[in-house]
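See below for the structure under consideration.
The values are calculated or read from the model by the stated rules, or taken from the named source; none is laboratory data. If you're wondering where the values come from, they're calculated on a predicted model, not measured in any experiment. Note: ideal-geometry Cβ built from the backbone for every residue, glycine included; neighbour counts use all protein chains shown.
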Amino acid sequence: MLSNIWYFGLPSRDLSRGKLQHRQICGEPVVFGRAPDGEVFALRDLCPHRGAPLSEGGFRNGDLECCYHGWTFDIGGRCTSIPALVADDPVDLSKITVPAFPVCEAQGLIWIWMGDGDGVETPLPVIPAVGERAPQIVHDVEFPVNIDHAVVGLIDPAHTPHVHESWWWRRPSERRDKEKRFAPTPLGFDMVSHRASSNSKIYRLLGGAPEVQIAFALPGIRIEHIRAGKNFYCGMTACTPIDDKRTQTTHLMWWSMRWLTLLRPVAMPFARSFLGQDRTVFEKQAKGLNFDPDLRLTGQPDQQAKWYFRIKNEWQRAADAGSPFENPLTEATLRWRS
Ligand code: FES
Ligand SMILES: [Fe+2]
């Protein structure tokens, strides 16, 4: 699991004022909270007294109160009171702290920095075209594989006709030769803007001649941007490790078409079925991965997976050396059948 990087935490709408949410990220228990004044924060979700999750408590006078003995902490994790102490007890509250994680809220999304420092020098993923609008659809799935397998599955063009076979998407018999151009970006690589493949029925619904751009960035963020005339659709899939065997994958969608908003109840099952197909194949793959097999990334269909491992290793190497990350990738064209 990569450190010194922003991970997707949760959508802003899951964290109203005065609310706490537990998550496990990179093996760490995390409590996300939004203070009554609206500020978002994240702390280690363990009370330093006797380990009760702080997410099981609540807010008291703007501070977080543990559910067990009522110790309170400010949103930076500093202990502010221990109700059981008499007034002249010499315990020094300033020595009692809960580790805090830097967080950032933008475009209706909350990101968390897992690593040293505050992450200000590392750019957050940006969803094009949507401004500060919150996503119209958010769908979460837990994949029973580590983040590497989840990410590789996400950027793998070869599984699409196989795993996502359906009448509304495409059939394996409709495989065609594909040729796509790729260019490096600050934290990953873009599949350069191109005309949508004519064998994807759903693209035709957008009207016009859709242009598609797909961006991939560390630690495991894929953003698809489709433009057709004045309309756009953006989909972001974010992989966040729960631990070294499970990955939380969140799919978020934004669009400009009013008719699609009316169809939202219909669109939701499509999102569910799409990620459900991935989860089903990951469940099968996990059975094989229990035997820790060697993996064979083969040919151009697996080239994006090889790039992922290359930039991930380089990111970690640069972070460990305290030097800036330089993307080792160069422009390339890949060909495959899907
Ligand atoms: S465990 Fe939290 S106050 Fe005791
Ligand atoms: Fe998939």
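Could you please let me know if residue 268 is at pLDDT 90 or above and either more than 21 Å from the chain's Cα centre (by Cα) or surrounded by 14 or more Cβ atoms within 10 Å (Cβ to Cβ) (or both)?
Details: at pLDDT 90 or above: no; either more than 21 Å from the chain's Cα centre (by Cα) or surrounded by 14 or more Cβ atoms within 10 Å (Cβ to Cβ) (or both): yes.
Considered against the rule, which asks whether it is at pLDDT 90 or above and either more than 21 Å from the chain's Cα centre (by Cα) or surrounded by 14 or more Cβ atoms within 10 Å (Cβ to Cβ) (or both), residue 268 comes out as no.
State all residues of the stretch 39-48 that are over 16 Å from residue 15 (Cβ atoms) and either surrounded by fewer than 20 Cβ atoms within 10 Å (Cβ to Cβ) or more than 10 Å from ligand 1 (Cβ to nearest atom) (or both); if no residue qualifies, say none. It would help to see each step written out before you state the result.
Start the filter on the stretch 39-48 by keeping residues that are over 16 Å from residue 15 (Cβ atoms), which leaves 44, 46-48.
Once the filter is applied, which keeps residues that are over 16 Å from residue 15 (Cβ atoms) and either surrounded by fewer than 20 Cβ atoms within 10 Å (Cβ to Cβ) or more than 10 Å from ligand 1 (Cβ to nearest atom) (or both), the stretch 39-48 yields 44, 46, 48.
Only one of (1) part of a helix (DSSP H, G or I); (2) surrounded by fewer than 11 Cβ atoms within 10 Å (Cβ to Cβ); (3) at pLDDT 95 or above is not met by residue 312, so which one is it?
(2)
Could you check the stretch 237-289 and list, in sequence order, the residues that are among the β-branched types (Val, Ile, Thr) and not in a helix (DSSP H, G or I)? Steps first, answer last, please.
So the first thing to find is which residues in the stretch 237-289 are among the β-branched types (Val, Ile, Thr), and the list is 237, 240, 242, 247, 249-250, 261, 266, 280-281.
237, 240, 242, 247, 249, 250 - these are the residues of the stretch 237-289 that are among the β-branched types (Val, Ile, Thr) and not in a helix (DSSP H, G or I).
Out of the stretch 216-236, which residues are of a type in the set (A, V, I, L, M), in contact (Cβ under 8 Å) with a residue 60 or more places away in the chain and in a strand (DSSP E or B)? Break it down into steps so the answer makes sense when it comes.
At the first step, the residues of the stretch 216-236 found to be of a type in the set (A, V, I, L, M) are 217-218, 221, 223, 226, 228, 236.
From the residues that got through so far, the ones that are in contact (Cβ under 8 Å) with a residue 60 or more places away in the chain too are 217-218, 221, 223, 236.
If the condition is that a residue be of a type in the set (A, V, I, L, M), in contact (Cβ under 8 Å) with a residue 60 or more places away in the chain and in a strand (DSSP E or B), then 217, 221, 223, 236 are the ones that fit.
Per-residue answers, yes or no, for (1) free of Cβ contacts under 8 Å to residues at least 24 places away in the same chain; (2) buried (at least 16 other Cβ atoms within 10 Å of the Cβ); (3) under 30 Å from residue 309 (Cβ atoms):
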residue	(1), (2), (3)
16	yes, no, no
22	no, no, no
25	no, yes, yes
30	no, yes, yes
37	no, no, no
50	yes, no, no
55	no, yes, no
77	no, yes, no
89	yes, no, no
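Determine whether the stretch 155-167 contains at least one residue that is away from ligand 2 (no atom under 11 Å from the Cβ), β-branched (Val, Ile, Thr) and out of contact with any Asp or Glu (no Cβ under 7 Å at 6 or more places or on another chain).
No; the residues of the stretch 155-167 include none that is away from ligand 2 (no atom under 11 Å from the Cβ), β-branched (Val, Ile, Thr) and out of contact with any Asp or Glu (no Cβ under 7 Å at 6 or more places or on another chain).
Going residue by residue through the stretch 92-108, is there one that turns out to be modelled with pLDDT of 95 or more, of a type in the set (Gly, Ala, Ser) and either in a loop (DSSP other than H, G, I, E, B) or more than 26 Å from residue 10 (Cβ to Cβ) (or both)?
Scanning the stretch 92-108 turns up at least one residue that is modelled with pLDDT of 95 or more, of a type in the set (Gly, Ala, Ser) and either in a loop (DSSP other than H, G, I, E, B) or more than 26 Å from residue 10 (Cβ to Cβ) (or both).
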